[in-house]
Ligand code: NAD
């Protein structure tokens, strides 16, 4: 158990797969109680089963992050289950674009913004309220390198991830004196289903993805989880409002 994680309870949204599952497993390995949340019940229960099989403590609460009532119930569920919420990782996100900006559709725009922006805002709103009531906490939002610069053929996604950083920075300033730290992590291409789906749709995208990282490979989910746990830890007690690239050097250009 890490001395640097003084809190006991972590919530991870979008934790049925990919980066979210890796973050949930990492918290559990550090001995934290984990609330695993997702719209995918089977995947979420799978994450809980993996945590329990390794001797950890977790439970699944289904939540669509685009629905205020469901997010409110999720945060209340954390309190009911484990009494508090020390760490919240707002990771649920989607990308469904297939072309350039002028090829995008209204329904793509609405769907991406609903999950990636409204979802993160709703989660922060309810998590912060609980953290203020209990005296503090740490939140990490999963943005992207697409939140720091251009993302060709992913313009709506890029706008949504820039918005996540705007929410992160503003809230970090608003709640800095209240012992609630709020940071973002900006991964480059990470080996998950999201990347594999994009690679199937556009094989050239996959090829380009391999070439844009100065370290010469795409990232691993565990490498994103490690950055998230650092930002939650007491080692990052003086760090709030940052957007930390985990990008194999991509944004160094
Ligand atoms: P993924 O598709 O493997 O997992 C995303 C999870 O979010 C899924 O389990 C899905 O069911 C869940 N989800 C989708 N909509 C939801 C909703 N409305 N409510 C609750 N849960 C919902 O994706 P991933 O690659 O693990 O991505 C996780 C996060 O990391 C996303 O925010 C993504 O934008 C970001 N990201 C991913 C990469 C990458 O290369 N994979 C790079 C940068 C940022």
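Laboratory data are not the source of any read-out in this text; all were calculated from the coordinates shown. All values derive from a computational prediction rather than experimental measurement. All Cβ positions, even for glycine, are placed from backbone atoms using ideal geometry, and neighbour counts span all protein chains on display.
Figures for the structure shown
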| quantity | calculated |
| --- | --- |
| Packing-based ranking, highest mean first, of 118-131, 208-221, 6-19 given that Cβ atoms within 10 Å are counted | 6-19, 118-131, 208-221 |
| Folded to 0 to 90 degrees: helix 155-175 orientation relative to the chain principal axis, Cα | 30 degrees |
| Relative contact order (%) - criterion: Cα under 8 Å, at least six apart; region: the chain | 20 percent |
| Computed helical MRE - 222 nm, the chain, DSSP H runs ≥ 4 contributing -39500 (n - 2.57), nearest 500 | -14500 deg cm²/dmol |
| By average C-beta atoms within 10 angstrom, highest first, the peptides 74-87, 169-182 | 74-87, 169-182 |
| Cα-based helix-to-principal-axis angle, 68-82 vs the chain, degrees rounded to 10 | 40 degrees |
| R0 of 22 Å, Cβ-Cβ distance residue 223-residue 170: FRET efficiency to nearest 0.05 | 0.20 |
| Gain on full stretching of the segment that runs from residue 204 to residue 110 - 0.36 nm per residue minus C-alpha separation | 31.2 nm |
| Rounded tilt (10° steps) of 119-134 against the dominant C-alpha axis of the chain | 20 degrees |
| Semi-axes of the equivalent ellipsoid for the stretch 1-44, Cα gyration tensor, largest first, Å | 21, 9, 7 |
| Candidates 40, 110, 68, ranked by Gaussian network fluctuation over the chain, Cα under 10 Å, top entry | 110 |
| Burial order of peptide ranges 144-156, 23-35 (average beta-carbon count within 10 Å, highest first) | 23-35, 144-156 |
| Most fluctuating residue given options 159, 69, 49, as computed from a GNM of the chain linking Cα atoms under 10 Å | 69 |
| Segment residue 42-residue 234, length gained on full extension (0.36 nm per residue, minus Cα span) | 65.8 nm |
| The stretch 95-199: relative contact order in percent, alpha carbon pairs under 8 Å with at least 6 residues between | 33 percent |
| Segment residue 6-residue 50, length gained on full extension (0.36 nm per residue, minus Cα span) | 13.5 nm |
| At 0.890 mPa s and 25 °C, Stokes diffusion of the chain via Kirkwood alpha-carbon radius, µm² per second | 136 µm²/s |
